[in-house]
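Here the structure comes first, spelled out in structure tokens, and everything after it is commentary.
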Number of protein chains: 2
Amino acid sequence: MTRRIGIKDVAREAGVSAATVSLVLNERATSRIPDVTQERVRRVAQDIGYAPNTLARGLRTRRTQTIGFVSDRIATTPYAVRMIEAAQDAARENGHLLFLVNTDGDPALERDAVAALQAHQVDGIVYACMWHRAVEPPAGLPAGSVLLDARPVDGGFASVVPDDRGGAVAAVQALVDAGHRRIAYLDIDEDPLPLASGLRLAGYLEVLEAAGITPDPALHVRGTSDVAGGRDAASRVLELPADQRPTALFCFNDRLAMGAYAAARHHGLAIPADLSVVGYDDQQLIAAELDPPLTTVALPHHEMGRWAVEVLLGVRERPDPDGAEGGVVLMPCPLVRRDSVGPPPTRGPGRRRG
Amino acid sequence: MTRRIGIKDVAREAGVSAATVSLVLNERATSRIPDVTQERVRRVAQDIGYAPNTLARGLRTRRTQTIGFVSDRIATTPYAVRMIEAAQDAARENGHLLFLVNTDGDPALERDAVAALQAHQVDGIVYACMWHRAVEPPAGLPAGSVLLDARPVDGGFASVVPDDRGGAVAAVQALVDAGHRRIAYLDIDEDPLPLASGLRLAGYLEVLEAAGITPDPALHVRGTSDVAGGRDAASRVLELPADQRPTALFCFNDRLAMGAYAAARHHGLAIPADLSVVGYDDQQLIAAELDPPLTTVALPHHEMGRWAVEVLLGVRERPDPDGAEGGVVLMPCPLVRRDSVGPPPTRGPGRRRG
DNA sequence: TTGAAAGCGCTAACAG
DNA sequence: CTGTTAGCGCTTTCAA
């Protein structure tokens with residue numbers, strides 16, 4: 001673990017001073033050092049395996065080439081780790097190392113984490129949530145930090161969140177384009193309701209309106225955010241009289257959609273022949289494994305993770321805090337077309353057993 | 001991001017020297033400083049919000065209170081992130097920050113990562129794989145590092161892996177205890193075969209032998225490691241003549257088990273009345289959501305992650321490299337009993353159409 | 001019992 | 001063009 005060779009060793013071997021070595025290796029050759037000298041220094045450094053001690057450098061320059069990533073939760077939503085992965089990649093590409101801190105959302109831990117990160121003089125902090133939320137950033141979060149999958153309640157920080165409304169628009173529009181007019185929204189039932197719930201509802205209503213479809217309140221149902229909840233909620237709309245029954249379901253997430261599949265099977269409805277379904281999240285091991293594979297909307301976790309550290313490091317332009325969105329950037333949620341959407345059945349959903 | 005108050009500020013406020021402050025705050029009161037002075041120093045430090053600069057301290061002491069966690073892959077196996085979570089928790093509990101580096105298994109990136117970590121003078125490195133593997137640790141991995149979910153091909157490092165054989169024993173024993181005699185093993189078909197495959201097979205055979213059951217080679221089938229593979233493999237054994245057909249399935253993982261559920265449904269077999277199934281991995285969003293909930297074996301990711309950093313930091317005893325297992329510790333895989341195991345059907349699996 | 005002084009390894013002024 | 005000098009903020013002898 002002990003680093004031995006230092007800049008002095010290089011200097012001695014190359015027959016120059018430590019300062020010269022530093023200048024050459026950092027390409028601060030503002031005062032032109034002869035190419036031969038430069039070459040020699042570089043070669044020696046290479047040969048003896050010199051690597052600068054980042055601590056010493058950081059102490060001097062106040063930049064440590066490290067960033068902090070504090071997240072409220074990591075393991076709960078499996079696909080959200082893509083944010084971490086992307087953040088780490090972006091950090092590496094920019095010569096930075098990433099400190100990962102998981103706080104379970106505990107405010108005391110968050111404060112401690114921020115303090116510890118500051119004590120280590122990180123060059124910046126990204127504060128990440130695993131769901132799109134409005135948050136009060138932890139006390140002491142330094143200016144210049146960026147929020148990931150979270151928008152600051154009082155502004156003041158750059159932030160990136162998924163464009164849930166836009167994603168819902170894409171999903172519901174696909175259904176409308178396929179010819180559907182009676183489209184249900186299987187929403188979730190949680191307290192507090194996540195921002196995404198309302199935003200996706202807004203997108204759903206927006207498309208209906210644009211298509212001249214009057215929203216039917218009976219087609220907006222809620223269920224717990226799991227397979228059972230999806231099955232129950234779907235059953236409720238599927239049991240409606242034939243002329244009120246939806247021909248398509250827009251589900252808040254893929255788990256709900258999985259439940260909707262079960263309900264459709266139970267009601268003898270084939271997907272997509274009798275019923276079209278669109279999910280949200282593009283959750284691995286669910287969306288693509290369902291039968292038929294589920295058309296769904298992907299959350300741009302990767303893009304958001306990368307965006308956050310690139311803005312943090314100044315590689316990408318920081319959003320204008322006085323702009324329309326107040327410094328929060330909406331990342332598009334692309335529609336992933338698979339096989340669960342088709343035209344509505346000709347004479348309303350059939351009812352075939354077995 | 002700039003830390004302002006330093007030890008000198010505390011010293012000035014408290015009317016002592018920086019050295020005294022350091023002594024007091026680090027509890028190196030070997031030379032007894034009067035309690036009143038100590039108290040005053042501590043209070044001042046607290047009041048003005050002093051936190052030592054870790055870089056400067058590290059430069060001096062050669063300990064940085066940081067560790068590196070390099071993993072081959074993070075997002076691919078969702079449940080494996082529990083290792084990271086646990087490692088991070090253990091690091092925090094011991095006053096350390098964790099650098100996360102993801103290498104995608106690229107040897108060049110691994111070397112770079114190790115070098116970068118060394119340049120930052122981490123106190124130790126854990127090298128983690130997302131599947132139980134035998135690995136050649138990256139060149140330059142410092143002595144004292146610990147391997148996680150990986151055993152070193154040539155020894156030399158402390159390491160922790162799941163006890164796959166033991167987990168299989170627990171699973172198959174549960175089946176035998178329920179009365180089953182014809183138990184199939186749905187193995188995976190990959191090249192190279194993961195260590196876990198052979199180890200679980202060994203556990204399976206061990207239980208059969210102990211129970212006086214002659215293993216039937218026709219009941220050891222392989223499929224690709226996904227739902228489709230599980231369905232196909234399960235179908236193959238379920239189509240066997242009634243007297244050769246298994247009454248229970250031990251599946252290499254939960255995805256295969258999910259496929260086995262589909263096959264059972266297709267064959268008109270109820271679980272667990274007609275067919276018992278045990279999985280492996282206890283994969284969230286699968287195992288518990290299946291109908292009926294799947295009895296399976298949990299991978300001790302959490303325990304392994306914690307173990308790794310605790311050994312790394314010397315909080316937990318390091319395994320003896322000259323011991324029986326050569327420094328690799330087997331972490332138990334507990335059986336999670338849910339509802340997919342029952343006694344075998346009285347007259348062989350029935351054949352009822354849904 | 002406490003303070004002064006010497007670095008940890010590096011970079012950034014400033015001389016030469 | 002290059003070397004000397006002075007720290008970055010802390011810990012740790014060594015003297016007083």
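How large is the dipole of the protein assembly as shown about the Cα centre if only Lys and Arg carry +1 and Asp and Glu carry -1, each at its Cβ, rounded to the nearest 20 debye?
Here the size comes out at about 980 debye.
Go through B:P241, B:V278, B:T296 and say which Cα lies farthest out towards the positive end of the charge dipole of region B:165-298; charges sit on Cβ, +1 for Lys and Arg, -1 for Asp and Glu.
Going by the charge dipole, the pick is B:P241.
Could you derive backbone 3J(HN,Hα) for region B:288-299 from the dihedral phi with the Karplus parameters 6.51, -1.76 and 1.60 (θ = phi - 60°), listing whole Hz in sequence and x where the residue is Gly or Pro?
After applying 6.51 cos²θ - 1.76 cosθ + 1.60, I find 7, 8, 5, 10, x, x, 8, 6, 8, 10, 8, 7 Hz.
Can you give the mean number of other chain Cβ atoms that lie within 10 Å of the Cβ atoms in peptide B:117-124?
5
So how do B:W307, B:W131 line up by other beta-carbon neighbours within 10 Å, fewest first?
Result, fewest neighbours first: B:W131, B:W307.
Would you look at the GNM of chain B, springs on alpha carbons closer than 10 Å, and say which of B:A228, B:A324, B:A242 moves the most?
Most flexible of the set in this elastic network: B:A324.
Treat every Asp and Glu Cβ in region B:7-52 as -1 and every Lys and Arg Cβ as +1, leave all other atoms uncharged, and give the resulting dipole magnitude about the Cα centre to the nearest 20 debye.
Roughly 100 debye, rounded to the nearest 20.
Pull up all non-local amide H partners of A:L147: gap of 5 or more, or a different chain, and H-to-H distance under 5 Å with H placed in the peptide plane.
A:Y127, A:A158, A:S159, A:V160
Based on the mean of other beta carbon atoms within 10 Å per residue, what is the order of B:105-117, A:57-69, most packed first?
So the order, starting with the most tightly packed, is A:57-69, B:105-117.
Quote the charge dipole size of chain B about the Cα centre in Debye, to the nearest 20; the model charges only the Cβ of Lys and Arg (+1) and of Asp and Glu (-1).
With only Lys, Arg, Asp and Glu charged at Cβ, the dipole is about 1020 debye.
Taking amide hydrogens as modeled 1.01 Å from N in the peptide plane, which residues meet the under 5 Å criterion relative to B:V135, leaving out close sequence neighbours?
It is B:R151, B:V153, by chain and number.
How big is the C-alpha Rg of region B:215-301 next to the rule-of-thumb value 2.2 N^0.38 Å, as a ratio?
Here the answer is 1.00, to two decimals.
To make sure I understand, if each residue's beta carbon is the centre and we count other beta carbons within 10 Å, what order do A:V153, A:V221 fall in, fewest to most? Let's see the in-between values first.
Details: A:V153 11, A:V221 19.
The order, fewest Cβ neighbours first, is A:V153, A:V221.
Using Cα centres only, tell me the gap between region B:211-285 and region A:235-255 in whole Å.
Comparing the Cα centres of region B:211-285 and region A:235-255, I get a distance of 34 Å.
Taking each residue of A:248-254 in turn, how many C-beta atoms of other protein chains fall within 10 Å of its C-beta, and what is the average?
0
GNM on chain A, C-alpha springs below 10 Å: top fluctuator among A:A270, A:A178, A:A119?
Among A:A270, A:A178, A:A119, the largest GNM mean-square fluctuation belongs to A:A119.
Rounded to a whole number of µm²/s, how large is the Stokes-Einstein D of region A:7-52 at 20 °C and 1.002 mPa s, given Rh as the Kirkwood radius over C-alpha pairs? Could the numbers behind the result be given before it?
Details: Rh = 10.1 Å.
D, rounded to a whole number, is 212 µm²/s.
Using the per-residue mean of other Cβ atoms lying within 10 Å as a proxy for protection, in what order, highest first, do the peptides B:277-290, A:308-321 fall?
B:277-290, A:308-321
Run the helix sum for chain A: -39,500 (n - 2.57) per DSSP H stretch of 4+ residues, divided by residue count, reported at 222 nm to the nearest 500 deg cm²/dmol.
-11500 deg cm²/dmol
Compute the separation of the alpha-carbon centres of region A:33-108 and region A:287-349 and state it in Å as a whole number.
Cα centroid to Cα centroid, the span is 28 Å.
Provide B:C129, B:C333, B:C251 in ascending order of the number of other Cβ atoms located within 10 Å of each residue's Cβ, fewest first.
Placing the least packed residue first, the sequence is B:C129, B:C333, B:C251.
Readers should treat all values here as calculations from the given coordinates under stated rules, not as data from a laboratory. All figures in this text were calculated on a predicted structure; none of them were measured in a lab. Reconstructed Cβ throughout: ideal geometry from the backbone, glycine too, with neighbour counts over all protein chains shown.
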